[in-house]
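Please read the structure below before turning to the comments.
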Amino acid sequence: MIGIGKATQQMALPYVYGAMVFFSVIFAHAVDFFLHEFAHSFMAWALGWKDNPLALNYGKLTIDNILMQQQIDENVRYAPIFAAHSGLQGALIAAAGPLIANGGSSIICGHVLRTIGKRPLQTIWSLTCMWLFTWLAAFNVFNVWSYAPLRALSSHGDMALIAEGLGVSNWLIFPVVTGFAVWLAHWYVRDILPNVCKYFSDFRFGAAFGGTVLGTTTPFFSIVGLTGNYGLPSALMCLASLFFFTPAMMAMFYLSLERR
């Protein structure tokens, strides 16, 4: 009976782990998404282009909208901003989502994870925070990646609005925003995530955690430009991200893990 119970536990553990990952992904995506959209909205409100910063386009109570916020957007009208020759303000509103909110949150989450990891005493609270902030960091980091470089050359979307507001070509902002996204991804994969896995090393899922995070988030954000008519450059970069960047990040993580 003891042997059967242990075998059952071993079979159930991966599914428990999978359930934890599933709910963490739903949570992290929602936080990442609303950070992004409210950043646009609050910036527009602060600059006088919106009356109510909480007034997003929320859509309907459908399952796709509840789980993945598919019908929600910032509800900011950029045409009047550009028509009023306030291009810099329009660029700032557009940048507030991917660069300020998601980029800034990535850095904050990374430093929170470092701080927790330095504490020798592990508690339920610290383990829970380490788990959730790891997912939040990943979703913010690779959401930035989904904008730059993957959609930075598109004719619409946040990157195109930034370029329009600044009065420059997408190609001019491309190396700048891409450089930031590349640095962010490398910093998270090489410096932050290995320390997280070291923190969880005493747990049975510890060895799988880093690969799970990267294997979930990087492909998820790599396919964003394959739909939505973002153009051929975006589609090609998304394919490269899916089949080149994703395995490269996995390899970088495991090599960094071995050196610790």
Could you tell me the largest-minus-smallest coordinate of the C-alpha atoms of the chain on each of the three principal axes, in descending order and whole angstroms? 74, 38, 35
Between the residues VAL224, SER126, VAL168, the Cα farthest towards the positive end of the dipole of the chain, that dipole coming from +1 and -1 charges on the beta-carbon of Lys, Arg, Asp and Glu, is from SER126
Contact order normalised by length for region 1-123, with contacts defined as Cα pairs under 8 Å and 6 or more residues apart; what percent is it? 25
Where in the chain are the DSSP H helices whose C-alpha atoms run 24 Å or more along the long axis and whose mean Kyte hydropathy is at least 1.0? 124-147, 170-187
Between PHE205 and LEU61, what length in nm is gained on full extension when 0.36 nm per residue of separation is reduced by their alpha carbon distance? 48.3 nm
Roll a 1.4 angstrom probe over the protein heavy atoms and tell me the percent of accessible area of the chain that is carbon or sulfur. 69
At what distance in nm do the modelled label points of LEU255 and TRP187 sit from each other, each positioned 7 Å from its Cα along Cα→Cβ? 2.1
Net dipole in debye of the chain [+1 Lys, Arg Cβ; -1 Asp, Glu Cβ; about Cα centre; nearest 20]: 800
Principal axis lengths of region 142-258 from Cα atoms, whole Å, largest first? 53, 24, 17
Kirkwood hydrodynamic radius of region 56-141, from inverse mean 1/r over distinct Cα pairs, in Å: 15.8
Using the heavy atoms of the protein chains alone and a 1.4 angstrom probe, what is the accessible area of the chain per residue in square angstrom? 51
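The values are calculated or read from the model by the stated rules, or taken from the named source; none is laboratory data. What you see is a predicted model, and the numbers here were worked out from it, not measured in a lab. When we count neighbours, we look across all protein chains shown, and the Cβ atoms used for this are built from the backbone with ideal geometry, even at glycine. What goes into the accessible areas is simple: the full protein's heavy atoms, side chains included, and nothing from ligands, DNA or RNA. Shrake-Rupley method; radii C 1.70, N 1.55, O 1.52, S 1.80 Å.
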